[in-house]
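FYI, it's all coordinate maths here, none of it is from the lab. Being a predicted model, the structure only gives us computed values, none of them experimental. Cβ coordinates were reconstructed from backbone atoms using ideal geometry, including for glycine residues, and neighbour counts include every protein chain displayed.
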Amino acid sequence: MASQLEDMGEHFFSCSICLHSFKDPKLLPCLHRFCRGCIKPVVDESDDKVKCPLCKQDCDKPDDGVDGFKTDFHTRNVVEYIQLQKSVAAEEVRKCIGCSKELHVAAFCFKCRGFICRKCHEVHESSGMTRDHKEHVLALKDVKDKHLTLEKLGSLKEAPSCSEHPEKLAEICCVDCGNLPICMVCGHHEKHKGHTIRGVRELAAEEREKIEHSMKVLKEQDKNVRGFPAKLAEARKALEASIAETKARIRSQYNEEAEKVNEKEREADEVLARHKAEVDRKEREEVADLNRQRERELKTVNDKYDKRVNKAKAKAADERGEKDTAASKTKDVLTKKRSYLEKEFMDSISSVDHQGNTNMTTFGELSDQSTHRIQRYDNFVTVVSSVLASRDHWTDVSCLPDMNVSSKPLIKDAKKEFLEIDALSKVTSKRITPLFANPAPVIKRDDFKSDDDYDKYMKEHLRIGMTVRCRKANRGVQVGDTGKVIGFAMNPWTGVVYDGRVDCQWPRLGDTHGVGCSDVEIVDQGIQVGSKVRLQRSAVNPSRDQEGVNPRSVGRVTATDGKNCTVEFPTKKRWKGLVAEVEQVLLLRRSAFQDDSSYSAYVRDTISAGMAVRCYKNDGMTKVGDTGTVIMIEDIVPGQLGIEVKWQMQGGAHWVKHSSIEILGLRLLKVGDTVRAKQSISTILGFGWEKGETLKITEIVDDRGCVVQYEDACRTLPILFSRVGLLQ
């Protein structure tokens, strides 16, 4: 305690504006102090808020201006002590209040507010008139020896005067008036009658308890506050490393793709050179043959062979032109790919630079905030420690309430973790789009340990639309022949082929033949951009989330690299998964199948709401040749579906069996389609739609229903497809 004033330093009691000792110091809510004359222009020029010149914290402007801020009596007393210390150090001669002589003084009486010489000091302490001044007399030798503490300095002070009766010393405090010092008369008989009156010792003890709790909380946050700059510096360093690493990765990707473009150009040049060499060789051989024949023939037929030679040369010239044109188109495509690659590279680098600059700017702002927070924290701890060290009840009552109020926002600010610095320490960049898709894998027998494993795999994975190659001769199909799978018998519940045979269209034979699943190998999955697909029923453990995708939903492939694909389903716009998890939906006519049962199974597995169909078997109200659009699908009995179709010729809708219709085209319902209400409906909410009213689809819920919007665009309702007719 003896060295507290020395530890604080004289600058702590100097105004940060004029840089001199405080004169009539005013205390702002942030606990920063300024001379009244220095802070007055700042307050006068402010509107509703006053910004602290040090910590930049805003506070409300008092109605009576600068005088509305409290005077810091504690700081003023300390400044007075510092002035005494300077006077003693300089051995100044002052006028004694006892003998009125100019002498080296020995003491200072805080009650008389004057210096006392050595002789008068003894009289001052022993005289009956001034004997009660003894507790308020400061021996200057204590000042010179630096034995004075804040606690001792606080005990020298006299109780403040009553705010209403300056001639009386304050004895109690009015809590309702901001701990205002008053006398007993004011507290019980005059304007403070009925207010909450408290003794100064009791009130000071409560205020000390509150501020000590706040100091404890702040000390617990000391590590968080002071450690934040180090975290910020660490995050800034991580950001710089992330920028460098990301740029290096982008450049590596760019170089890799650029090398692919160069390789493709070299391949194109080589192909062109080979083709030209082949054309030249053919030309030489053909011309040589013709010349030999011409020499053997009679001279009368020379003109005939000349024409044939010229024709051969013209043909070769045409072939060269075709090859040059094809090569030019290939180079144009590669040039466009290179331009796109370079643009994507520059965009990615620019994006990384922009993210880095933005994050660096944010780091700068956070660093400034951190500096201000530490300054406020240090200022608060120093000011509160100064007041607590004085151990003066009147100082506690006057200063600690404001300090308790100021501690709350400081504690809240000190507990901030600034978790966003982890996100700011990194930059992201999308991968450069591959320009050349990897070829789809070819599934071969050699990839499996045994014939049984291969047979099981083929039974589970063969799908309509796949391209296969024969590996065992079978019924005219030779080894090496390629064909396309057009049908097979499948169990709808397990997704496994019944008898292990598939029907394939073989181009070499110009006919359809069935072969065993293990007699072929998959060459092409058949899934490309634009292909119509749906989820495989045999995908028991899918690699991606299938939530929101109806098993019967048919979608369009928007991207694929042979292994992975992106599909746009009616209820999920960007589904991503493996090619092996989807199957292609091909629209095949009845003529592509050997019998009705095979085609019926194909329709059962392929049919979806919105498809265009045609009746090829009389079924109740429908006739062969009638066309319509599928509205709804229901399971009637195992293996048999009921299909509700809107028939164009009849102008109405009714149900048929799936085995009596033929699929004509894929008409996927989508947002924006216009439908017409089939009947008038009134909901329990009191509104609905009239028969024939036109509605627009705004959302596809699933294959059974959607959300429609009225023509006035003010209301929407969910509706089953069975309640509406699709406008063609």
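See the values below:
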quantity: ASP24 versus ASP63: modelled label distance in nm, points set 7 Å from Cα along the beta carbon direction; calculated: 2.1 nm
quantity: Kirkwood Rh (inverse of mean 1/r, distinct Cα pairs), the stretch 157-252, angstrom; calculated: 18.1 Å
quantity: Cβ-Cβ FRET estimate between VAL707 and LYS617, R0 fixed at 30 Å, reported to 0.05; calculated: 0.25
quantity: Length gained when the stretch HIS354-GLN293 is fully extended (0.36 nm per residue, less Cα-Cα span); calculated: 14.4 nm
quantity: Separation in nanometres of the label points that stand 7 Å from Cα toward Cβ, at SER161 and LYS311; calculated: 13.4 nm
quantity: Cα-based convex hull volume of the stretch 283-354 per residue, rounded to whole Å³; calculated: 57 Å³
quantity: Förster-model FRET efficiency, 25 Å R0, ASP222 and HIS372, C-beta, rounded to 0.05; calculated: 0.90
quantity: FRET efficiency, 1/(1 + (r/R0)^6) with R0 30 Å, evaluated for THR428 and THR335 via beta carbons; calculated: 0.50
quantity: The stretch 21-102, dipole about Cα centre (Lys/Arg Cβ +1, Asp/Glu Cβ -1), debye to the nearest 20; calculated: 380 debye
quantity: Options ALA273, TYR305, ALA238, ranked by Cα towards positive dipole end of the stretch 224-322, top entry (Cβ charges); calculated: ALA238
